[in-house]
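Step one of this worksheet: look at the structure below.
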Amino acid sequence: MSRSPEQPIADALEAVERCQRYVAALDRESDIAEMAEDAIERNLQIIGEAVNHLPDEITGSHPEIAWPQIRGFRNILVHQYFGVDIDVVRDVVETHLPPLAEALRGHIATD
């Protein structure tokens, strides 16, 4: 079953929104912070998988986005989970997800 490009965009945008909601919990008590970290990492995996299914027309129209690094980070989270640095995860959420979301929202707005 083939999915339209709008579906992985929606998946990625939902996962971005969740990451942004959860990032504040990283500063709370350890159990809450651990759950937030797990949730953020899972949603970053979803983002990486979703952008992997975007057509070249979409990714090519946003060269400012580091598409290979997004896909690569997903692979690191899945396959090298034991070496994930929470400070890197936080930086990804706070610095790199907003431009990604803006690019994806902009694409939806132009269709």
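For q = 0.20, 0.23, 0.27 Å⁻¹, what log10 I(q)/I(0) does the stretch 68-111 give under the Debye formula with an equal point scatterer on each alpha carbon and no solvent?
Here the Debye-derived log intensity ratios amount to -0.71, -0.83, -0.97.
Tell me which residues come under 5 Å, amide H to amide H, from residue 53 once H is placed; ignore anything under 5 positions away on its chain.
none
Starting from the Cα of residue 21, step 7 Å along the direction of its Cβ; do the same at residue 34; then give the gap between the two resulting points in nm.
So the label points at residue 21 and residue 34 sit 2.3 nm apart.
Counting only helical runs of four or more DSSP H residues, what would the 222 nm mean residue ellipticity of the chain come to if each run contributes -39,500 (n - 2.57) and the total is spread over all its residues?
Estimated from H runs of four or more residues: -22500 deg cm²/dmol.
Give me the number: length gained by fully extending residue 94 to residue 42, i.e. 0.36 nm times residue separation minus the C-alpha to C-alpha distance, one decimal in nm.
This chain segment gains 17.1 nm when fully extended.
For the chain, find the longest principal axis of its Cα atoms and tell me its angle to the long axis of helix 67-79, 0 to 90°, nearest 10.
Its long axis makes an angle of about 40 degrees.
What accessible area per residue, rounded to a whole number of Å², is obtained for the stretch 39-111 using a probe radius of 1.4 Å?
Numbers: 4180 Å² over 73 residues.
Per residue, the stretch 39-111 has 57 Å² of solvent-accessible surface.
Going by alpha carbons, how many degrees (0 to 90, nearest 10) lie between the helix axis of 30-52 and the longest principal axis of the chain?
20 degrees
Residues with beta-carbon under 12 Å from that of residue 25, excluding residue 25: net charge, scoring Lys, Arg +1 and Asp, Glu -1?
Residues close to residue 25 contribute a combined charge of -2.
For the chain, modelled as a GNM with alpha-carbon contacts under 10 angstrom, which of 60, 48, 72 fluctuates the most?
60
Which residue, 88, 51, 16, tops the fluctuation ranking in a GNM of the chain built on C-alpha contacts under 10 Å?
88
For the stretch 4-45, what are Rg and Dmax over the alpha carbons, in angstrom?
For the stretch 4-45, the Cα radius of gyration and maximum Cα-Cα distance read 11.8, 41 Å.
I'd like to know how the chain sits against the 2.2 N^0.38 Å rule of thumb: what's its Cα Rg over that expected value?
1.06
Where the accessible area of the chain is counted over protein heavy atoms with a 1.4 Å probe, how much of it, in %, is carbon and sulfur?
51 percent
Considering the chain as a Gaussian network with a 10 Å cut-off on Cα pairs, which listed residue, 41, 64, 49, attains the greatest mean-square fluctuation?
64
The values are calculated or read from the model by the stated rules, or taken from the named source; none is laboratory data. None of these values were measured; they are calculated from a predicted model. Ideal geometry is used to build each Cβ from the backbone, glycine not excepted, and the neighbour counts take in all protein chains shown. For the accessible areas, the whole protein counts, side chains as well, though only heavy atoms, and no ligand, DNA or RNA atoms are used. Shrake-Rupley method; radii C 1.70, N 1.55, O 1.52, S 1.80 Å.
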